[in-house]
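Since the structure comes first, as structure tokens, the remarks are kept for the end.
All of the numbers you see were taken from the coordinates with simple rules; none came from a lab. Computed from a predicted structure; not experimentally measured. Neighbour counts are summed over all protein chains in view; Cβ atoms, including those assigned to glycine, are modelled from backbone coordinates with ideal geometry.
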Amino acid sequence: MLSIIDTINILLKAIRYSVINIPFEDSSSKLIQLSCFLNPFYFINYKISKGQRLKKFLESLGPMFIKFGQLLSTRTDLMPSEITNSLKDLTDQCKPFPTKKAIKIIEKSLNITLKD
């Protein structure tokens, strides 16, 4: 279960990668579109496509979210093609997860030490 700290971390990363703005960018309301400018990172990321921003956001959150992105990339009925095409990169062009970090997570969760 997510803790409050994890939830805040996800929210901050959503703001950092301007993923939080994606639903509002195509709105017909000028007032809602104006709300995108309240995000200070919007001006850094506005040239990057929505799909690439979502891909980077999911990569920054770790393997579980990458798996979720891979699932979304196959659901063209749920997501626009611009986003699903970018998320398809998560299936074959994803950065590898560090082995040392994986070992630490396994050792911590099982309360054992793994020997090489």
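Of 69, 46, 103, which is farthest on the positive side of the dipole of the chain, counting Cα position, with +1 on Lys and Arg Cβ, -1 on Asp and Glu Cβ, and the Cα centre as origin? Farthest along the dipole direction, towards plus: 103. Structure remark: mean-square fluctuation, Gaussian network model of the chain, C-alpha springs under 10 Å; the largest value among 71, 54, 87 belongs to 71. I need the Debye-formula profile for the chain: one equal scatterer per C-alpha, no solvent, reported as log10 I(q)/I(0) at q = 0.09, 0.10, 0.16, 0.18 1/Å, two decimals. Per q value, in the given order, log10 I(q)/I(0) is -0.32, -0.39, -0.86, -1.02.
The trypsin sites (Lys or Arg not before Pro) of region 1-94 that meet both conditions, a loop assignment by DSSP and at most 12 other Cβ atoms within 10 Å of the site Cβ, are 47, 75.
For the chain, a simple Cβ point-charge model (Lys and Arg +1, Asp and Glu -1, everything else neutral) yields a dipole of about 340 debye relative to the Cα centre. Residue farthest toward the positive end of the dipole of the chain, with Cβ of Lys/Arg at +1 and Asp/Glu at -1: which of 18, 113, 58? Toward the positive end, the furthest listed residue is 113.
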